[in-house]
């Protein structure tokens with residue numbers, strides 16, 4: 001599994017990218033949270049996109065996105 005990150009600023013979602021504009025990719029939730037520690041983040045969610053429909057040749061559905069609340073970077077003591 002890989003994780004990318006986005007931030008919500010003023011109600012708009014923005015991908016977190018490196019200096020060349022490529023999405024930052026992490027191998028775990030903990031690794032994705034580390035760069036955001038001590039930034040005062042109060043709400044953190046995990047969005048999981050299922051690609052099952054694409055794999056079986058069906059049209060992807062919006063319902064294939066599941067969003068879960070998770071511990072914020074400062075609360076995660078892993």
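Here, each number is a calculation from the coordinates, and none is a lab measurement. Computed from a prediction, not measured in an experiment: that's the story for all the values here. Please note: Cβ atoms are built from the backbone with ideal geometry, for glycine as well, and neighbour counts cover all protein chains shown.
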The chain - mean residue ellipticity at 222 nm from DSSP helices (-39,500 (n - 2.57) per run, n ≥ 4, rounded to 500): -2000 deg cm²/dmol
Cα-based equivalent ellipsoid, the chain: semi-axes from gyration tensor eigenvalues, Å: 25, 15, 13
Please arrange 74, 19 by counting, for each residue, the other beta carbons lying within 10 Å of its beta carbon, fewest first. 19, 74
Order of 37, 43 - criterion: other Cβ atoms within 10 Å of each residue's Cβ, fewest first: 43, 37
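Within 10 Å of each residue's Cβ, count the other Cβ atoms and sort 65, 77, 24 from fewest upward.
On the way: 65 11, 77 6, 24 14.
The most exposed by this proxy come first: 77, 65, 24.
Under 8 Å for C-alpha pairs, at least 6 residues apart: give me the relative contact order for the chain, rounded to a whole percent. Present the calculation step by step, with values, prior to reporting the outcome.
Numbers: 91 pairs, mean separation 20.8, N = 78.
This gives 27 percent for the chain.
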